[in-house]
Structure formats: structure tokens, C-alpha cells
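Structure record follows, encoded as C-alpha cells.
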Amino acid sequence: MFVVTNRTLNSGGTGLKKFGDRPNPQGPNELRLVEASRSSHGWDVKILPDECTQTMKRSAGLEPDQPAFASAYVAKKLLARVRKQKRNVLFFVHGYNNNMKAVLDRAHELERTYDVEVIAFSWPANGGGARGVASYLSDKADARASAGALSRCLAKLHEYLDTFNRERLAAVYAKADALYGPESKGKHKDDFERRDEYISTHSERGCPFTVNLMLHSMGNYLYKQVMCSSAYQGRLLTFDNVVMVAADTNNANHASWVDPIRARNRVYVTINESDRALRASRIKSGQEQLARLGHFPFNLYAESAVYVDFTDARYVGSSHAYFEGGPLQNNKVRRFFAEAFNGDRAERRLDYESATNTYRIA
């Protein structure tokens, strides 16, 4: 899998020791790309150079005589992979107190469980060696500092997807014109109704995968900083679904930054009142820490959001990561995340409670 990170990297290290705990020394907005693969002894990690080598260009089908950045290599390889494996893409932003082993293990589990191709964005989220309250506050500071890096990453992702879509649609339009336009030599010349039908049908077929965003825990706080930034280019239509799981950010006034999020399909906010980690995060900062969005079932008024309540669902209990492990013994839980992470309408079989504006999972 590919990892985008603003962590410091150590080319002289081995395996996971190539990842540091602190922001890139050139600044928290500095991004690097890493290719990680699971092996019998753990994780093999390859730091990609900023500019593609000739070997990388050949491997990805890039022009050998044209300069290309590592991001172009990743985009080409990822596109070829999802088309061959017929998978959807899940862009994953992790939460508080995660070292790289935890990030990669979780990303691998997401791929295995939900049959998706994961791109992980990793920020220095393990408190710089601190513990307890100091670690939590340190990670919040790192999340704020990492907002620019995530913003740049999302803008680049959108750029590559937009280029792919424009090239694909140009080919579809050209074919439609050849079949049904003024230059057609067939019996359906100037049949614009058939032309429009062809364009509609083949536009969907030409992009047989969805691209979805999963934010977990404090990853939502990082995304909030991006959405609230005046420098963010981005209320861009990049993702089919945006899934905000166990959001460790204020419930109060969340609509002000959730409503501007754009998605082709849905913006999901998941809630578990019994979430032990979110209860702990509220306590750690004392009375200043307000109710967290991911465990507070009130004030759920963002017009663009679909709220899904997992409280008291079988096997969920006090879990903070109820998209993995024991909670997946509940088929409704597994099905919701499988559909949400793959760009589908995941709430369609759930009961809706108008009093709380939530869909409930039993």
C-alpha cells in the first residue's frame, strides 16, 4: 500500500524504523510518499524519491523522457491496481496516539476486511514520546500543524482524479460524436438522444471504482482544521463517501464545518455513547473539553450529514474502533462499513429516529 506522510523519515533505517515520530524537519507541510508491503517478518518499507527514477517510470508507464514526481508514479500504479483487482479506493486518516505499526496494521486490516485499496495519510500522532494528558494535547497540536499537509495531499489527489476523469470523458465524447454526431456515417447520424444516452452510460462504465474518505478519531479533528482553514482550496468534490468514525472533535457547532464538506454520495458521522476513548479524551483536558461529536447523540443538525448511532448495538460495547474486530460479529455493523467504505448508500436498510435525527444499528 502507499502512505503519504509528513513525519520525519530515516532512509538509513530498516522496516518501520524508517518512520520517525516527529514532523518532517523541513516543516510540517512537507510530504513524502512511502510504499509499504506486508511480509513474513513484518513490514517492508520503501521511501520513494521525490522525482521518479527511470525504473519507476517504466514500471508505471510514464513517459521516459519527461520528468515526473513520485505522486505521478503512485497515481498510475494505484489506478492500474484498482482496475485490475476491481476494488474501490479508501483514503484513511488515522487518529490519536498511533505509531506506524498500528497505522499500517489497521490499514492492512481495512483492505482485507472490506476489499478496498487503502491509501493512508499518516501524521506524527504519538505524542512525541509523551503520555497521558501531555500526549493527547501534543497530538492535538500536531494535528493543527499537519492541516496544511493534509490539505496539500487532498488537493493533489483531486488533481490526479480530475485529470483522469477529463481524459476518460474526452474519449467517451469523441466516440459518441463518431457514432451519433454530425460526422457519423451510420444510420443514427445527428441522433442526439442516443448520443447523450451513450455518454451517460459509458461515463459510468469508464470509472468502475469509487474513492472514499475514512477519518478515525482525532483524524476528524485534523480534517476539521483543514475545512476551517482559509488556505484550503478544497471544498472539492473528490470523494464519493466521507465517513467520520468516532470523531474526536467538538459536537458544538460542528455543522459550520461539516456542511461545507462535499461528497458525491454521503457524509456519514458515526456515534457510540459508550465509546471509552472519547469519554477519556473529554476527561483528559478537564472542563474545557466539550462533548465529542462521536459519542454525543444531541445537537445533530448538519444538513449534509447522515448520523448513524451504534450505541447498544450487539458486540459494539465501548469500542472506539467498531469497524474492526469483535463488533464485526454484528452483521449490520459489518454491512454498514462495507457499504460506506465502498461508496454505497449504507443507511438504506437502517431504522431512522426522527427525534434524534439518527439511523440506528441494533
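The set of residues from the stretch 291-315 being closer than 19 Å to Tyr352 by Cα, in a loop (DSSP other than H, G, I, E, B) and either β-branched (Val, Ile, Thr) or free of Cβ contacts under 8 Å to residues at least 24 places away in the same chain (or both) comprises just one member, Thr311.
The criterion of at least 3 residues that are within 26 Å of Val242 (Cβ to Cβ) is met by the following strands (runs of 3 or more DSSP E) wholly inside the stretch 1-115: 2-5, 32-39, 88-93. I need every pair where a residue in the stretch 35-64 that is touching a residue at least 60 places away in the same chain (Cβ under 8 Å) has its Cβ under 8 Å from the Cβ of a residue that is hydroxyl-bearing (Ser, Thr, Tyr), sequence separation at least 6 or different chains. Short answer, once both residue conditions are applied: Trp43/Ser37.
Only the coordinates and a few stated rules stand behind these numbers; no lab work does. This one's a predicted model, so the numbers in the text were calculated from it and none came from an experiment. Please note: Cβ atoms are built from the backbone with ideal geometry, for glycine as well, and neighbour counts cover all protein chains shown.
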